[in-house]
Amino acid sequence: MLFNSLEFLIFLPVVLTFYYLLPHRGQNAFLVVASCFFYASWDWRFLFPLLFSTTIDYYCAARIEALIQRGASTQARKKYLYLSLITNLGLLGFFKYFNFFVDSFHSLFLLFGLDLPVPALRVILPIGISFYTFQALSYTIDVYRGKQHATRSFWDFFLAVLFFPHLVAGPIQRAANLISQVVTPRKTTRTQVVDGLHLILWGFFKKVYIADGLAPIVNQIFNAPSATGGETLVAALAFAFQIYCDFSGYTDIARGVAKLMGFEFVLNFNLPYFATSPSDFWQRWHISLSSWLRDYLYISLGGNRGGSAKTYRNLMLTMVLGGLWHGAAWNFVAWGFYHGCLLVAHRLAAPALEPVTRAAAGSWRGPWLVARIAAMFLLTCYGWLLFRATSFQQIADMTAALSHPFNGLPTGILAEVIVLISPLIVVQLVQYNTERLEFTRQPWLRPTARCVLYSLMTYCVVFLGAPPQAFVYFQF
Amino acid sequence: MANTDITHSTRVRKIASAAWLLCVAVLTLEFAARIDDWVHFDAPLIGNYDFDQLFRVTDRGIRGVPNGRYLRWHLNADGLNGPEIRPNAGQTRVIVYGASEPFGIYEDVGKEFPRALESELNAQSTSVRYEVVNAGVPGMRVGSGINYLSELSDRLHPKVVVIYPTPTHYIGVTLPYCGRPPRTVMPAGSRVPELRVAGKFKDQMKRVLPVTAMTWLRKVSIAWQTRGEDLLTQIAPASLDAFEFDLRCAVTAARDSNLVPILVTHANRFGDSGGDQDAGWLTGWRQQYPEMREEGFIDLERRANAAIRKIATREKVLLVDAAVALGGRTEWFADHAHFNNEGAARMAALLAQPVLATATNARTQ
C-alpha cells in the first residue's frame, strides 16, 4: 500500500476516525492492528521476520535492563546485545545480501577460472527491513548503553517499530523518541493537524508532481545505450531532484500522518542541496540514517579518537557500509566510497580553505557561500550518477562523457526539468533565507495567499502528477 | 448579552472567512485548469472547452469545425479527423462513414481504424494510391448523416464508402431520419459556463477508481436518473425498424452518389453474450442510455447485426462481419465498443481486402 495510492487514501481516514474515537490504550492496540494490515498489504509473510526480530530485541533489552539493575558485569550484558545484533544483522544479511554475496563470490571465482555451483535460493526482500532493523537495533544498543530504559510492554515496543507511517522508509526513529510517545497518552493539537496536513500536501507535491514527473526523463537517459555529456549532465541533475523529492516527499507524508495522530517524527531532510561541504551535506541529507551511522557505527569504531589515520579509516568504513545499506549492489558501495572520499578530502582541505573563508568575509561572503553550495551540489550530483547507474561500464562511459558537459545538451529536456523543479527551488530559497522549513507557515504569507498556494499544489498533485510509481527508497 | 454578541460575531466572521477561502480555492483550481488547458492544448481561457470545439450544429446536421481542436483531436480544414485532404492526383478515395468508432476516441493520434486502413491499403497496393477519409462523427446516427455523406461524396468523389453504423444510437428513436438532421442537439454556445476543474476531477476519478467502485457509482447515477420510469429490456421494434430503414437509405444514398457501399456489422467487447467480468462495461454503456437494462444492449447488438446482414444480402452489398471477427475480443476494445490501437489495426486489416476488391471493381466499371 503506497502512500500515493487510492488504497492509502481510503486507509488513512478510516484509521484516523477509529483512532480519534479510542482511549490511549485502545489507540495503541488499534495502531498495531492497522500497521500489521498496512505491512501485510504487500505480503503477509513479511510480518514473520519483523515479529521475530522485535521479539528477540524486546527479550534482549529486558534482560539487559534486568542485569543493569542487578549491577551485573558488562560482559553479561554483552551476551544479549550480541544476540540482538546477530539476529537483526543476520536477518538483514540473509534477506538483503545473500544473493549479492553469493553472486559476487561466484564472479570472483570465475575470474580464477573456477565455476562453482551457485545455490539457487531466490530470497524475497521484506519491504522496509533496512529501516526497521536499524530502528530495533538502536533500542537494544541504547538500553545496553544505559541511555534508555527497556519498555515493559512488548506491544508498546512492537508498535514503536511497526508504526505504519515510518515502517517501510523511515525516518529511522530512535527508540527513546518513539517509545516515550507510544507510552504517554497523546493529544493531537490543532497546530499538529494543520502542520500535518501541510506536510502531507507538500510531500505529495514533491513525490507525485516533481519526482514522478522527472522519473521518465531520468529513465530515458539512463536506459539509453549511450549518452552525450549534455544528456549525462541533465540526467544527473534530474535524478538529484528526483531522489530528493521522492524520499523527502515520503518523509514529509510520514511526518504529516504521524502528526495527525499526535506523534512527532525527527526531521530527515534539512535543505540538503544548500550544503556547503560534505560533512554539512550529511547533516542535512537523510539525517535519521546519518546520525544513526554516526552514533552506532562511526563512534563504535572509535570515531575521531584515534588520530587522523583512524578517523579517515572510520569515516571510509562508515560511508562504505552506509552505501551498502542502500542496496545490495556494487554501485551503492562505490557511492558510499565516493562520499567517504569527499569527507576525508574535505577534512584534509579544511585547513587550506579556512583562510579563504576568513578572507571572503564582508561583501564576498555571499559569492563565496554560493560558490561552495554550487561546488557541493555538483559533487553530490556526480555521486547520484554512481548511485543510479546500472553498471560500472555505464559509470565509466558517463564520466567520460562529462568531460564535454555541454556536448549534445538536450535543451528541451532541460527546460522540462527546470519547469518541474522551479517551484521547489523557489520554496527552498525562501526556506533557506528565512530559516523556516514550514514554507506555508511563513508569517508574511496571508491566509488567502496560503489558500492559493495549497490549491495550486493540489491541482498539480491531482491533475498534473505522473502515474503513481513506487518510492525509490522502498527498495532499500 | 455583550459576550453573546461577541461570540456570535466571531462565529459569523469565521464562517465568512471559511466561505471566502473556499471561493479562493475553487477559483484558483479553475484558473489552474484553464491555464493547464491553454498551455497543453491551446484551449481558450474563457468559455467552455469540450467536444463543442470540434463540432457545430448546422441546419443540415452536425458538422466538424474546420481546423477544430480539442485535447488531442485536431480536425483538418474540412472538419474531418485526419490529415488534410490531398489534391486530386489519381488516388482512390474511400470514405469511412459512422460515429465515434471510426472517429477515434481512445486510439493514439493517427491510429484510428480509417488511418490504419489507409496504411493497409497502400501497403497492399503497388499501383494505386489510396486515401481514406474519416467521416466519423461521434453520436451521428446512420440515417441523420446521410446528407453529410452526400456532401462529402460530391466534393471528394470517392469510390467506396465503408458504413459502420452504431445500433445503440437508435434507442428511443421511433422514426427514421433518412437524411433529416436531428433536432435534439443543443446549439453550441447556448450552454451555461462549466467549471473545467469539475470535469477534470470526474475524468481523474474514472482513471483512479477501481472498476467495482466506478460501476457502483454509475449504477447509483442510473438508478437516480431512471427513478419511477419503466425500463426497456430490449429495443422497441419501431426503433429497430427505424435503424433498418435508415441503413437502407444510406445504401441507396451512397449508390445515388456513385459510391460502392460496404456494410460492416457492429463489434463490441461482449460478443454474443456478456460474461460476469463484463458487467462493469455494460453498466458503463448503459450510462449513455439509462432507459435500457444491461441485457438489452447485447440483445440489441445481436438483432441490429442480423438486420445489417439481412440488408447486405437483400441489397447485394458486400458485408464485412466485424461482429464475428472482432466481437468478444476484450483485448481489442478500450471500452464497450470503441477500439484501442490494437483493435483499430485489426479492424483495418479486416477491411483492407474487401475494400481493395471493391475499389478495383469500382474503378474498372
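The values are calculated or read from the model by the stated rules, or taken from the named source; none is laboratory data. Here the structure is a predicted model, which means the values were calculated and not measured. Here Cβ is always computed from backbone atoms with ideal geometry, including for glycine, and neighbour counts include all displayed protein chains. Side chains included, ligands, DNA and RNA excluded: accessible areas come from the protein's heavy atoms. Shrake-Rupley method; radii C 1.70, N 1.55, O 1.52, S 1.80 Å.
Counting helices only, and only those DSSP H runs with n ≥ 4, report the 222 nm mean residue ellipticity of chain B as the sum of -39,500 (n - 2.57) divided by its residues, in deg cm²/dmol to the nearest 500.
Values: 11 runs with 172 residues, N = 365.
Rounded to the nearest 500, the figure is -15500 deg cm²/dmol.
With every protein chain kept in place and ligands, DNA and RNA left out, what is the accessible area per residue of the range A:87-223? Probe 1.4 Å, answer in Å². Walk me through the intermediate numbers first.
Details: 5600 Å² over 137 residues.
Result: 41 Å² per residue.
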Legend entry - Sequence-distant residues sharing a close amide H with B:F333 (under 5 Å, placed H): B:N340
Legend entry - Surface share of carbon and sulfur [accessible, 1.4 angstrom probe, percent] for the range B:73-136: 50
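May I ask for the net charge around A:I373, where only other residues with Cβ less than 13 Å from the Cβ of A:I373 are counted and Lys, Arg are +1 while Asp, Glu are -1? Please report the intermediate quantities before stating the final value.
Numbers: positive: A:R284, A:R365, A:R372; negative: A:D280.
Overall, the nearby charge balance is +2.
Can you give the Rg/Rh ratio of the range A:6-186, where Rg is from the C-alpha atoms and Rh is the Kirkwood radius?
Looking at the range A:6-186, the ratio lands at 1.07.
With helices defined as uninterrupted DSSP H runs, which ones in chain B have an alpha carbon span along their own long axis of at least 20 Å and mean Kyte-Doolittle hydropathy of at least 0.0? All intermediate terms of the calculation are to be shown ahead of the outcome.
Numbers: long enough: B:2-41 (57 Å, 0.47); B:211-225 (21 Å, 0.42); B:237-256 (28 Å, 0.14); B:294-314 (31 Å, -0.63); B:341-364 (34 Å, 0.20).
Sorted by number, the helices that extend far enough and score high enough are B:2-41, B:211-225, B:237-256, B:341-364.
Using a 1.4 angstrom probe, figure out how much accessible area the range B:84-364 has per residue, in square angstrom, rounded to the nearest whole. Mind dumping the intermediate values first?
Details: 12620 Å² over 281 residues.
Per residue, the range B:84-364 has 45 Å² of solvent-accessible surface.
Taking 8 Å as the Cα distance limit and 6 or more residues as the minimum spacing, I'd like the relative contact order of the range A:191-475 as a percentage.
Numbers: 329 pairs, mean separation 86.9, N = 285.
That works out to 30 percent.
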Legend entry - Å² of accessible area per residue within the range B:1-46, as computed with a 1.4 Å probe and no ligands counted: 76
Legend entry - Sequence-separation-based contact order of chain B, relative, with Cα cut under 8 Å and 6+ spacing, percent: 19
Inset, instruction - Return the lysines within reach of B:K202: Cα separation strictly under 20 angstrom, same-chain partners fewer than 8 residues apart disregarded; answer none if there are no such residues. - result: B:K219
Legend entry - Principal axes of chain B: Cα extent on each, largest first, Å: 99, 46, 38
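Quick one: which of A:K206/B:K206; A:K147/A:K259; A:K187/A:K259; A:K78/A:K310 span more than 21 angstrom between C-alpha atoms? Each step should come with its number before you reach the end.
Working: A:K206/B:K206 24 Å; A:K147/A:K259 25 Å; A:K187/A:K259 10 Å; A:K78/A:K310 25 Å.
Cα-Cα > 21 Å for A:K206/B:K206; A:K147/A:K259; A:K78/A:K310; rest within.
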Inset, instruction - Between the chain alone and the structure with every protein chain in place, find the residues of the range B:194-210 that drop at least 40 Å² of accessible area; heavy atoms, 1.4 Å probe. - result: B:Q204
Inset, instruction - Please identify which residues in the range A:264-301 have an amide N closer than 13 Å to a label point set 7 Å out from the Cα of A:A350, following the Cα→Cβ vector. - result: A:277-281
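Please report the buried accessible area for the interface of A with B, total over both chains, probe 1.4 Å, in Å² to the nearest 100. Working shown, then result.
Details: alone 21720 and 18500 Å², together 39040 Å².
Chains A and B together bury approximately 1200 Å².
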Legend entry - Mean-position separation - Cα centroids, the range B:224-241 and the range B:284-341, in angstrom: 18
Inset, instruction - At a temperature of 37 °C and a viscosity of 0.692 mPa s, determine how fast the protein assembly as shown diffuses translationally according to Stokes-Einstein, using the Kirkwood radius over alpha-carbon pairs as Rh; express D in µm²/s, rounded to the nearest whole number. - result: 102
Legend entry - Inter-centroid distance (Cα atoms) of the range A:77-119 relative to the range B:57-107, Å: 65
Inset, instruction - Give the long-range amide H neighbours of B:V133: residues separated by 5 or more places, or on another chain, with amide H under 5 Å away, using H modelled in the peptide plane at 1.01 Å from N. - result: B:V94, B:I95, B:V96
Legend entry - Spin-label zone in the range A:266-305 - amide nitrogen under 17 Å from a point set 7 Å from the Cα of A:R313 along the C-beta vector: A:297-305
Inset, instruction - Between B:Q225 and A:D397, take the C-beta separation as r, use R0 = 51 Å, and let me know the FRET efficiency to the nearest 0.05. - result: 0.25
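Carbon and sulfur atoms: what percent of the 1.4 Å accessible area of chain A do they account for? All intermediate terms of the calculation are to be shown ahead of the outcome.
On the way: 14240 of 21090 Å².
Here carbon and sulfur together make up 68 percent of the probe-accessible area.
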Inset, instruction - With a Förster radius of 41 Å, plug the Cβ-Cβ distance of B:N147 and A:L464 into 1/(1 + (r/R0)^6) and report the FRET value to the nearest 0.05. - result: 0.45
Legend entry - Rel. contact order, % - alpha carbon contacts under 8 angstrom, at least six apart, the range B:204-294: 51
Legend entry - chain A: DSSP helices with Cα axial extent of at least 15 Å and average Kyte-Doolittle hydropathy no lower than 1.0: A:6-21, A:98-111, A:411-434
Legend entry - Cβ-derived FRET efficiency at R0 41 Å, B:D203 paired with A:T434, nearest 0.05: 0.60
Inset, instruction - Have a look at the range B:14-33 and report residues whose accessible surface goes down by 10 Å² or more when the remaining protein chains are included, against the chain on its own, probe 1.4 Å, ligands and DNA/RNA excluded. - result: B:W20, B:L21, B:V24, B:A25, B:T28, B:L29, B:A32
Legend entry - Considering only chain B, percent of DSSP beta bridges that pair antiparallel, nearest 5: 30
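Tell me the mean residue ellipticity at 222 nm calculated for chain A from its helices only (DSSP H runs of n ≥ 4, each -39500 (n - 2.57), averaged over every residue, nearest 500).
My calculation for chain A gives -22500 deg cm²/dmol from helical runs alone.
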Inset, instruction - Under 20 Å Cα to Cα from B:K316, which lysines show up? Leave out anything in the same chain fewer than 8 places away. - result: B:K159
Inset, instruction - Work out which GluC sites (Glu not before Pro) in chain A are exposed loop sites (DSSP not H, G, I, E or B, at most 15 other Cβ within 10 Å) and give the longest gap free of them. - result: A:1-263
